[in-house]
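The values are calculated or read from the model by the stated rules, or taken from the named source; none is laboratory data. Please read these numbers as outputs of a predicted model, since none were measured by experiment. As a convention, Cβ positions derive from the backbone with ideal geometry for all residues, glycine included, and neighbour counts pool all protein chains shown. Remember, those area values only see protein heavy atoms, side chains included, never the ligands or the DNA or RNA. Shrake-Rupley method; radii C 1.70, N 1.55, O 1.52, S 1.80 Å.
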Amino acid sequence: MGEREEVQNNNDIEIGVERRGPSSSSSSRSASPESRRITSSSLKEPLLLPHDAKRTNQTSQLAIIGANVCPIESLDYEIIENDLFKQDWRSRTKNKILQYVFFKWTLVLIIGLGTGFVAFFNNLAVENIAGFKLLFTNSLMLKDKYFQAFAAYAGCNMVLAIAAAGLCAYISPAAAGSGIPEVKAYLNGIDAHSILAPSTLFVKIFGSIFGVAAGFVVGKEGPMVHTGACIASLLGQGGSRKYGLTWKWLRYFKNDLDRRDLITCGAAAGVAAAFRAPVGGVLFALEEIASWWRSALLWRTFFTTAVVAVVLRTFIVFCRGGQCGLFGEGGLIMFDVNSVNPTYRIADLLAVIVLGMIGGIFGSLYNYLVDKVLRAYSIINERGPVFKILLAIIISVLTSCCSYGLPWLSKCIPCPASLGDQCPTVGRYGNFKRFQCPPNHYNDLASLFMTTNDDAIRNLFSSGFDKEFQLSTLIVFFAAIYCLGIITYGIAVPSGLFIPVILAGASYGRLVGTLLGSLSDLDVGFFALLGAASFLGGTMRMTVSLCVILLELTNSLLMLPLVMLVLLISKTVADCFNKGVYDQIVEMKGFPFLEAHAEPYMRNLTASDVVSGPLVTFSGVEKVANILYALKSTKHNGFPVIDEPPFSDAPQLCGLVLRSHLLVLLKGKKFTKQRKAIGSNMLRTFNAQDFDKAGSGKGVKLEDLDIKEEELEMYVDLHPIVNTSPYAVVETMSLAKAAVLFRQLGLRHMLVTPKMPGRPPVVGILTRHDFMSEHVLGLYPQFQPKK
């Protein structure tokens, strides 16, 4: 469903229903019924399109949500100032306003608590499931049962992969992938039925657990952002009637504006929970996720992330007593690299600059390849759930072969005498995996592959032993992780990009540090951190939020100048080649995303140059048959309302009415036989809550209406539900200025009015699809950028 789709094609059917546009006049109303009979083919022609009488918008109304193609529509962030809203606002007492504020702070508290608990449960499950798998594999290897060890390792990975892919394929395809592009699109004003559904939340939690525990080169950080947003959406819409979870006291937030704020808080809480980085979560939401921001939202997101930090800290302290199985302090990401004094010289700054350039080049190449793989996988995923699961199995087997097979290429290294019992590590996480080596030796490549992703990062960030990893090991690990990360993202499992990028970046960062050796005063662990920062900057294209997240991750404030430098350089270099990875995925998935700035060619066009039809308008008191036909024959979600004599001296714009409000009004059947206004009576019949935004899959649908034949010729007064103050622009406004205004105000519809008097009051309606390059350049190909 979108704002603008063509009228249904029933060209051979005559409709004995009156259709009015802004050009309607009192004389046209007095015409004979025969003169008012029109064919539905005429409905395809806009009533007022001065520059092109047959212009239509052909942009797609579909987008890829997770691993599934779904219809999309826009959200109503605008406050609908109709008579019912004004009556409800005037009736609100001070206690009701305080109650609203109290409940909103209570909700963000619950969002923080819920997201923190889910993050702990996620880490607890991953550490224990993956730990059991690795311990069982290690026990077989200690008995020299290497083939059985591989079979057990690959078999466990395959079972977990099938479980993760099965959940996504059969229960919620929208849960596949990171989820950050979907949340970003939602906060830009794009909605789809399944983006934040309860089923998506369920699959995101358990699919992420199974996918990460299966050994895929994926992270749980992106899915945690989506999980936090789903929790916030579930609370914001008052629960789920389908699953028997409803809360009447949440009725205050049944509008897109409040839900947008709550989902922003949920996304920030997800980042804070994934990285134990509360300030980084707030900045991530501000820099990458949210399209609109204000100071009140800053307070709420900061409070939410602080709650998450307290919850996680409480659980970590609890688990130190050994009550959480294999889960311990290493379960939640925290890489402490502040044990070495970070002194550096001018020569070190040159090395940091080189690292930033490497990260920018590798990051832009990574984004390019991820885009190509996603497009290829979308063709496979379209063939059905079985193919999604088969693809996940193939990638699982390939990952298992690399993780278990590549360490055999590495030679065994004697344990440093100073480490004592710490080397080799048997039956616990650590830097020195014995794998197939004799006693008192370790396999450095196995220490990176045969462990959880979090522990692999911790091993790469470790300080104090410059020769812990061989150069060949770091090269092989970087190449494997780089390639596996590309081909894994896009399969039907919840998967994040942060961990693969940090792993690859830390490996080449440590490689550079090892090569420099005594030429640099910086520790190899610091170089690993700077390499991870450079690759993150090259792929994500964020600066402030990534810098703070890395500092909170590593507890190394003294590294701030170098981290800032490497992020700025990597982003600058990568921007020369392509967009950030999330921006590319948003575009690839087909979301009609509105950027913060308009395209340069839009300054050469005006608002009236891109309005498209058909334009369908209603009178202030309209015939039921006309409304019903318009709702059936178009997919428009907004209709201008024109007051005409006898309700006004001349045709004038009354406002805009929404499809959802019309459906509620028709279901209420407050019809009259005469064409007269009965607004005061309707205000006593309906209240503002009757027209609140329904949750996913709820609300009145067209097929729910039961309009009898005699009721079709009756009239209904639209004035009480008409938004009397819609945003409108004059037709000569530049398209660039209209696009910026549309995005900054968070609009769904923008009316275009004529500049000269004496013309009908509405030229057309602009929606987000009218600002898309596909539509504009299709109308004016001369503005196509030259290649």
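When peptides 729-738, 682-691 are sorted by average Cβ neighbour count within 10 Å, with the highest value leading, the order is 729-738, 682-691. Amide H of residue 77: which non-local residues (sequence gap of 5 or more, or other chain) have their own amide H closer than 5 Å, using H built in the peptide plane? Hits under the 5 Å cutoff: 748.
What is the Rg over Rh value, at two decimals, for the range 173-220, using alpha-carbon atoms and the Kirkwood definition of Rh?
Numbers: Rg = 11.5 Å, Rh = 11.4 Å.
With Rg and the Kirkwood Rh in hand, the quotient comes to 1.01.
Axis of helix 385-405 versus longest Cα principal axis of the chain: the two differ by about 20°, to the nearest ten degrees. Computed in the context of the full set of protein chains, the accessible area of the chain at 1.4 Å probe radius has 61% of its extent on carbon or sulfur.
For the range 486-503, backbone phi angles converted through the Karplus equation (6.51, -1.76, 1.60; θ = phi - 60°) give residue-by-residue couplings of 5, 7, 7, 5, x, 6, 7, 9, x, 8, x, 9, 4, 5, x, 5, 5, 4 Hz, Gly and Pro being listed as x.
The local environment of residue 284, defined by Cβ-Cβ distances under 12 Å, has a net charge of -3 under the rule Lys, Arg +1 and Asp, Glu -1. Judged by the mean number of other Cβ atoms found within 10 Å, the most tightly packed of the peptides 565-574, 158-167, 376-385 leads the ranking 565-574, 158-167, 376-385.
Go through 133/184; 145/372; 104/669; 204/372; 254/635; 96/708 and tell me which ones have a Cα-Cα distance over 29 Å in this structure. Please report the intermediate quantities before stating the final value.
On the way: 133/184 35 Å; 145/372 40 Å; 104/669 35 Å; 204/372 24 Å; 254/635 23 Å; 96/708 40 Å.
Checking Cα-Cα distances, 133/184; 145/372; 104/669; 96/708 exceed 29 Å.
Considering the range 610-650 at the alpha-carbon level, its Rg and Dmax are found to be 11.6, 33 Å.
At 20 °C and 1.002 mPa s, what whole-number value in µm²/s does Stokes-Einstein give for the translational diffusion of the chain, with Rh from the Kirkwood sum over Cα pairs?
On the way: Rh = 28.5 Å.
The estimated diffusion coefficient comes to 75 µm²/s.
Computed from Cα atoms, the angle from the helix 94-142 axis to the main principal axis of the chain rounds to 40 degrees. For the range 702-787, the C-alpha radius of gyration sits at 1.54 times the compact-globule guess of 2.2 N^0.38 Å, with N the residue count.
Loop-located trypsin sites (Lys or Arg not before Pro) across the range 572-673 with a Cβ neighbour count of 12 or fewer within 10 Å are 673, with loop assigned by DSSP. Less than 5 angstrom separates the built amide H of residue 194 from none of the residues sequence-distant by 5 or more or on a different chain.
The angle between the Cα long axis of helix 560-575 and the longest principal axis of the Cα atoms of the chain comes to about 60 degrees, rounded to the nearest 10. Accessible area per residue for the chain, computed on protein heavy atoms with a 1.4 Å probe, is 40 Å². List the residues, sorted by chain then number, that are 5 or more residues from residue 425 or on another chain and whose placed amide H is less than 5 Å from its amide H. When sequence neighbours closer than 5 places are left aside, the close amide H contacts are 432, 433, 434. In order along the range 753-765, the Karplus-derived 3J(HN,Hα) couplings, from 6.51 cos²θ - 1.76 cosθ + 1.60 at θ = phi - 60°, round to 10, x, 8, 8, x, x, 9, x, x, 10, 8, x, 10 Hz, and Gly and Pro are given as x.
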